[in-house]
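S.K.: For reference, the structure I am asking about is given below.
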Amino acid sequence: MQALAERLDGVVGGRTLVGYELFGFSSLKTVVPAPDALVGHELVSVGRRGKYLVAEFDDGHRLLLHLSQAGRLDVEDRPKKTRGGKGGVVRLRFAGDGDGDDDDVGPALLVREFGTERKAAWWVLAPGDDGPLDRLGPEPDSEAFADFVLRGADKRRIHTWLRDQRTVVGVGRGYSDDALWRAGLSPYSTLGQLDDTSRARLLDAVRGVLADGLTKERTRTGGLSEPKLGAHFEVHGRAGTPCPRCGAELLRVSYESHEVVYCAPCQTGGKVLADRRMSRLLKE
Ligand SMILES: [Zn+2]
């Protein structure tokens, strides 16, 4: 998301929003202010908070966009005349070079979505309103997060709170698997079980996998969808393949909507974690 925000900032940062076309209402999560409030205003910058893209306008209004898993953002060098094509959500049209001529047509951003679950969503926020951002926890590189890891006493499993956006933003399943593997810690361990050295190792590992991920993201080219990161995870999504460190087969714990991948020799002292789905099958 960070790399995507940086690319968008380069394309539309400093340009005035001249109009928009809404292709469906369900993805727009706010009623007031209407998107019209943004028209005629300069988009000052595009940034990121958690998995939200945050566009700041010159009068303090903000537009938030959450692409989720099915969303995609296309840049049109000149706005197309189509209705947004399949899955069109909204097209935002920006001014060109600013000389005000009739031909002063700049780029457009087209949000589309594919699939019916985990849809894209967007918000128009009045100045001072944080909308969904006020539910987000600290960024991984913040002092607040360091304090949480180094001195906190959260009783949940580390893998659970690493994925919880109210505790820390932007880690998610994939980076949770990789960070715990790098730190050599069990996904089921809790902060209270860790000594100071292990806590520091965990903090380093979380920040390290995110920094490495961003480096790889920045080298991507092509469409501006939420990055498909599968290829650069170290262990996430790789159950059944050899551990990059020790060569043992990576194992998984399966849940309804996701799986946790780990290396038993590297992370659990060789212990195989109970797989809820497997044990249910065995009981039947
Ligand atoms: Zn290993």
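The values are calculated or read from the model by the stated rules, or taken from the named source; none is laboratory data. Please read these numbers as outputs of a predicted model, since none were measured by experiment. In this analysis, Cβ positions are derived from the backbone assuming ideal geometry, glycine residues included, and neighbour counts consider all displayed protein chains.
S.K.: Scan the range 233-255 residue by residue and report those that are of a type outside the set (A, V, I, L, M, F, W, C), near the ligand (Cβ under 10 Å from one of its atoms) and not in a strand (DSSP E or B).
M.R.: Within the range 233-255, the subset of a type outside the set (A, V, I, L, M, F, W, C) is 234, 236-238, 240-242, 244-245, 247, 249, 252, 254-255.
After this cut, where a residue has to be near the ligand (Cβ under 10 Å from one of its atoms) as well, the list is 242, 244-245, 247, 249.
Those that are of a type outside the set (A, V, I, L, M, F, W, C), near the ligand (Cβ under 10 Å from one of its atoms) and not in a strand (DSSP E or B): Pro244, Arg245, Gly247.
S.K.: Additional query: For Pro187, are the conditions met, namely being at pLDDT 95 or above and not in a helix (DSSP H, G or I)?
M.R.: Criteria met by Pro187.
S.K.: Still on this model: What are the residues in the range 119-137 that are crowded, with 17+ Cβ neighbours inside 10 Å and out of contact with any strand residue (DSSP E or B) (no Cβ under 8 Å at 6 or more places or on another chain), if any?
M.R.: Gly137 - this is the single residue of the range 119-137 that is crowded, with 17+ Cβ neighbours inside 10 Å and out of contact with any strand residue (DSSP E or B) (no Cβ under 8 Å at 6 or more places or on another chain).
S.K.: Check Val149, Val209 and return the single one that is farther than 24 Å from Gly270 by Cβ and either of a type in the set (S, T, N, Q) or surrounded by 21 or more Cβ atoms within 10 Å (Cβ to Cβ) (or both).
M.R.: Sole residue among the options that is farther than 24 Å from Gly270 by Cβ and either of a type in the set (S, T, N, Q) or surrounded by 21 or more Cβ atoms within 10 Å (Cβ to Cβ) (or both): Val149.
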